[in-house]
Amino acid sequence: GRLDNQVKIHGFRIELGEIEATLLENPQITQAVVIAKDERLIAYIVPKKTTSESDQWREFLQTKLPDYMIPSNYVQLKALPLTKNGKIDRQKLPDPQIQNKVEFVAPRNEIEAQLCDIWAAVLGLESIGIHDNFFTLGGHSLQAIQLVSKMSMAMNCDLSVKSLFLQPTVAKFSPILQQKSKPSQPMNQVTQSKPKLQLSPFIKVEHRSLLTLLMTGKIDPIDSAALTYFPTPDFNRLEELGWTPQTLIEEFSDNLPIISTIFQTPLGRIALISLPQFVYQLYEDQNQTVNTIIEALDLAKQIGAKTVSLTGLLPSATDYGTAITQAISHRQDLPPITTGHGTTSATVVLSIENILRDANRNITQEKIGFLGLGSVGISTLRLMLKTLPHPQEIILCDVYDKLDQLEAIKQEIINQFNFKGDVHLILSKTEVPQEIYQSSLIVGATNVADILDVNKLNPQTLIVDDSAPHCFSVEKAIKRLETDQDILFTEGGILRPSQAIERLIYLPNNLQKIMTDKQRHNYLHRQPFNITGCVFSSLLSTQFEQLTPRVGLVDLDTSLQHYKVLKKLNFRAADLSCENYQLSPKLINQFQQKNK
């Protein structure tokens, strides 16, 4: 409704005129106008020749614009309605009708009916058929995450965004649920024994409120804070208990931000604050996510944090933190926030150095593929080219990005970094193109889980993935490593300081009683020398004046400053590992032998 033709949809600010101008680049279109209605973009087109294939307009825009700027509907008109003054009369544009290429087919069973209801709700439609394509109906990447989260909740199983990319209709997606569904173990068969876990001497468990202990002086003050959220829950376990995911949050935090861990590092103390939201809720309502983060910032202020970093998907869900800064622009009392991407990109570059060293390889002989070129991906690429010798070849692939933006990155690589090797651009809208598997080292920086097929990797491939959700199946990677010893992989966003990190972990008694042994082990088991770069970033910005907290896209200078400070502090990348799996020296040595 803004007079300057700018709208905000799903948290993104969009210039409607930019979409219109792009449509008019198509020689088959003579006039075009784009409006926003009910949180959807609608394009009205006057083509030179009427066609029933509206997908051609969508496919044309997908090569030039990001997903969130692609209209959901395309209405063809013989002429646009005009006012008496000869201007386009937007008020007289006809109501759009969803134009499907396929005939409407109703759900054939209960599962399909439930899925159709969920898909329609996410897309804002009254109904959809089982053969309607999610992306053809205008679904974009953020809606894909939201849809998969809602289906996971409704069906009590863990589903992936990759599955939706590969099977984007209800008819094709519903069989996945049959494979995922497992019979729940009856409660009377669940063991209640709780043998004492052997914890690291650097980990202490606290059943009392960490906030209370801080405010009463029972534990030392903190210097900075990092915000996180709840991972996808174990749906089968919750069903056994008769709980809902919301019950889990209530039992843990009373629906409020809560201090879940305190890190004692060589540089100072960091409080990890968990938001009362699951990962799938982050994209459902940006205003709700931002408001919850503001509550957490108030908590961080109370405990004395001087800087607060956003971890995991929080930068992505908040326009790289800019939605938060806008919401708190009237507040001068809250600690500054940072996306942590300056430290993360520096850490990933350290991890590239580390995995090449463990593989006995020289970067100048590598073909490095970048999968994902958002804030972390592009800043890692720039920092790598700035600080390390140049590889033989670079392959750029982004699932969502537009081709002309990749071309601009290519020109920057050549002109600003004087890169002499080959640069290849590949664009994907569903699965990863075959060309990425020609890389000898793949740097993953995408939020789409398991999009890289481990079985397609060439022997001797190295993978550095910035953080969870991982772009490859860790389980399959472990199996291939242990069977063939012909790949190496690591989570690239993890730092290793020169001294061990002590952790004080909050575990309420009511949750400890119902956790399985595996769940308790996963929750409490932490490598004493590992800390994620995005968490540690808050402390770096607190202790070093030149490392100013940053929101928005991170620039090269910021990443370079973080890289230099980490080097000066003798920090390096963590030993090769992913999730709770540590690559053993024996397996790395066997890989080296095969690499000769």
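The values are calculated or read from the model by the stated rules, or taken from the named source; none is laboratory data. Values in this document were obtained by computation on a predicted structure and should not be read as measured data. Neighbour counts run over all protein chains shown; Cβ positions are idealised from the backbone, glycine included. Side chains are part of the model used for accessible areas, which takes the heavy atoms of the whole protein and leaves out ligands, DNA and RNA. Shrake-Rupley method; radii C 1.70, N 1.55, O 1.52, S 1.80 Å.
Quick rundown of the values:
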| read-out | value |
| --- | --- |
| DSSP bridge orientation in the chain - percent antiparallel, rounded to nearest 5 | 40 |
| FRET E, pair Asn455, Gln31, Förster distance 60 Å, beta-carbon r, rounded to 0.05 | 0.75 |
| Environment charge at Leu441 (Cβ cut-off 13 Å; Lys +1, Arg +1, Asp -1, Glu -1) | -2 |
| Near-label residues of the range 300-333 by backbone N, under 15 Å of a point 7 Å along Cα→Cβ of Met215 | 300-305 |
| Amide hydrogen neighbours beyond the local backbone of Leu77, cut-off 5 Å, H modeled | Ile45, Val46 |
| Nearest 10 degrees, 0 to 90: helix 533-543 Cα axis against the chain principal axis | 70 |
| The range 470-523 - percent of accessible surface contributed by carbon and sulfur, probe 1.4 Å | 45 |
| Built amide H within the under 5 Å cut-off of Ile463, gap 5+ | Ile442, Leu488, Phe489, Thr490 |
| From phi via Karplus (6.51, -1.76, 1.60), per-residue ³J(HN,Hα) for the range 14-30 in Hz, x at Gly/Pro | 10, 8, 4, x, 5, 5, 4, 5, 5, 4, 6, 6, 6, x, 8, 10, 9 |
| All lysines inside 18 Å of Lys513 as judged from Cα atoms, apart from same-chain residues fewer than 8 positions distant | Lys194, Lys196, Lys204 |
| The range 218-233 - phi-based ³J(HN,Hα) in whole Hz, Karplus 6.51/-1.76/1.60, Gly and Pro as x | 6, 10, 5, x, 10, 9, 8, 9, 10, 9, 9, 8, 7, x, 4, x |
| Spin-label pair Phe544/Tyr437, simplified geometry with 7 Å Cα→Cβ offset, distance in nm | 4.0 |
| Solvent accessible area, Å² - Lys87, 1.4 Å probe, full protein context | 140 |
| Length-normalised contact order for the chain - Cα pairs under 8 Å, 6+ apart - percent | 14 |
| Asp95 - accessible surface, heavy atoms, 1.4 Å probe, Å² rounded to 10 | 110 |
| Val105-Thr63 pseudo-label distance in nm [points 7 Å out on the Cα-to-Cβ vector] | 3.1 |
| Mean-position separation - Cα centroids, the range 280-353 and the range 417-448, in angstrom | 29 |
| Helix axis angle, 110-123 relative to the chain longest principal axis, alpha carbon, degrees | 80 |
| Per residue value of the accessible surface for the range 308-450 (all protein chains in place, 1.4 Å probe), Å² | 34 |
| Accessible surface of the range 288-438 [probe 1.4 Å, protein heavy atoms]: carbon and sulfur percent | 45 |
| Proximal charge balance of Leu334 [Cβ under 10 Å; K/R count +1, D/E count -1] | 0 |
| Diffusion constant of the chain at 10 °C, which comes from Stokes-Einstein with the Kirkwood Cα-pair radius and 1.306 mPa s, µm²/s | 61 |
| Helix-only [θ]222 nm of the chain, DSSP H runs n ≥ 4, -39500 (n - 2.57) each, per residue, nearest 500 | -10500 deg cm²/dmol |
